[in-house]
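Quick notes on the structure that follows.
Every number here is computed from the coordinates shown, using simple stated rules; none is lab data. Quick caveat, the model's predicted, so the values are computed rather than measured. Cβ sites come from the backbone with ideal geometry, for glycine too, and all protein chains shown count toward neighbours.
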Amino acid sequence: MPRIVNHDQRRTMIAEVTASLVAELGIERVTMREVAQRGGFSKGVLQHYFADRAELLASALNWSEAQCMARIQAAAHREAVEGLAALQVRIENILPLTAPSLEEWKIRLQVQGLAIVDSQIRPLQKSRFQKVRRHLLRDIQRAIDAGEIKAGLDGPQVVRDVLMLITGLGTLAVLNPGAFSRAQLRRSVKQLIESVEAVPPRASATRRHVETGGEQVPLQHL
């Protein structure tokens, strides 16, 4: 009786093996032969699922990004957050703060570099960027609707700031291992959130009272 093969599962397994090799060896050294050897299947099996190396690398990026998205969704559900709190959870789960997210960044940056010169990879990278932007904009728009964002700031403007923060911090952390602690990265995220967060009226009035020399309020009460 012929063995039943779960093709979706096998395709996912190949993508996972490829992603692991990209992070470990570097994208230039990842070949279909190398993936087949590491995964324990023939090159013919690989070619059955992926027409060429570009498709194989695309599957690795898609698998990696799916892991990131699943982690974000699990964290948001676990903490039951929306708006700015959800945005902070999303940013912290994208940044390389854990071993899995660091691996994702190693893959992400290498595929981004390849997208500059590879016309097959470029649309995939563009699609990924637009997807990340949509998710960020959704969190930000919900924060705006809830009155959590400072007046005068709009969604696209905040999204640009967030994307620059994520790209900058993520790239620096990967290229300079040990130079940035988890606490430093989280502090940068918190500073961005605070820079766009609307100050509650009561807190704003209290601060103005202190700043204008009225009856002094102990700072620890602010």
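Residues of region 11-44 with amide nitrogen under 16 Å from the 7 Å Cα-to-Cβ point of GLN120?
15, 18-19, 27-36, 44
Number of Lys pairs in the chain with C-alpha atoms less than 27 angstrom apart, excluding same-chain neighbours closer than eight positions? Can you show the working numbers first?
Values: LYS43/LYS106; LYS106/LYS126; LYS106/LYS131; LYS106/LYS190; LYS131/LYS150; LYS131/LYS190; LYS150/LYS190.
Lysine pairs meeting the criterion: 7.
Could you list log10 I(q)/I(0) for the chain at q = 0.14, 0.18 Å⁻¹, which the Debye formula gives when each Cα is one point scatterer?
Per q value, in the given order, log10 I(q)/I(0) is -0.94, -1.30.
Counting other Cβ atoms within 10 Å of each Cβ, which trypsin sites (Lys or Arg not before Pro) in region 2-49 have at most 13 and sit in a DSSP loop?
Values: sites: ARG3, ARG10, ARG11, ARG29, ARG33, ARG38, LYS43; in loops: ARG3.
Passing both the DSSP loop test and the Cβ count: ARG3.
For region 66-72, take each phi angle, set θ = phi - 60°, evaluate the Karplus expression 6.51 cos²θ - 1.76 cosθ + 1.60, and give the result in whole Hz per residue in order, putting x for glycine and proline.
5, 5, 4, 5, 5, 5, 4
So how tilted is helix 122-145 from the main axis of the chain? Cα-based, degrees 0 to 90, rounded to 10.
Result, in degrees: 30.
Compute the length gained on full extension between THR171 and ALA70: take 0.36 nm times their separation in residues and subtract their Cα-Cα distance, giving the result in nm to one decimal. Kindly include the intermediate steps, with their values, before the conclusion.
Values: separation 101, 0.36 × 101 = 36.36 nm, distance 2.17 nm.
So the chain would gain 34.2 nm between THR171 and ALA70.
At 7 Å along Cα-to-Cβ for each site, give me the label-to-label distance between ALA54 and LEU109 in nm.
2.5 nm
Given a Förster radius of 25 Å and the C-beta distance between ASP8 and GLN47 as r, what FRET efficiency does 1/(1 + (r/R0)^6) yield to the nearest 0.05? Could you put the intermediate results ahead of the total?
Details: r = 18 Å, r/R0 = 0.70.
Calculated value: 0.90.
Using the alpha-carbon atoms, what tilt in degrees (0 to 90, nearest 10) does helix 201-211 show relative to the longest principal axis of the chain?
Tilt of helix 201-211: around 60 degrees.
Using a Förster distance of 22 angstrom, determine the FRET efficiency expected from the C-beta separation of SER181 and ASP161, and round it to 0.05.
On the way: r = 22 Å, r/R0 = 1.02.
Using R0 = 22 Å, I get an efficiency of 0.45.
Which order do the peptides 106-114, 69-77 take when ranked by the mean count of other beta-carbon atoms within 10 Å per residue, highest first? Please report the intermediate quantities before stating the final value.
On the way: 106-114: 19.6, 69-77: 14.4.
Packing order, densest peptide first, comes out as 106-114, 69-77.
Would you compute, from DSSP H runs of 4+ residues alone, the mean residue ellipticity of the chain at 222 nm, taking -39500 (n - 2.57) per run and dividing by the full residue count, rounded to the nearest 500? Mind showing how you got there, number by number?
Working: 10 runs with 161 residues, N = 222.
After summing the helix terms and dividing by residue count, I get -24000 deg cm²/dmol.
Compute the helix-to-body angle for 83-94: its Cα long axis versus the longest principal axis of the chain, expressed 0 to 90° and rounded to tens.
40 degrees
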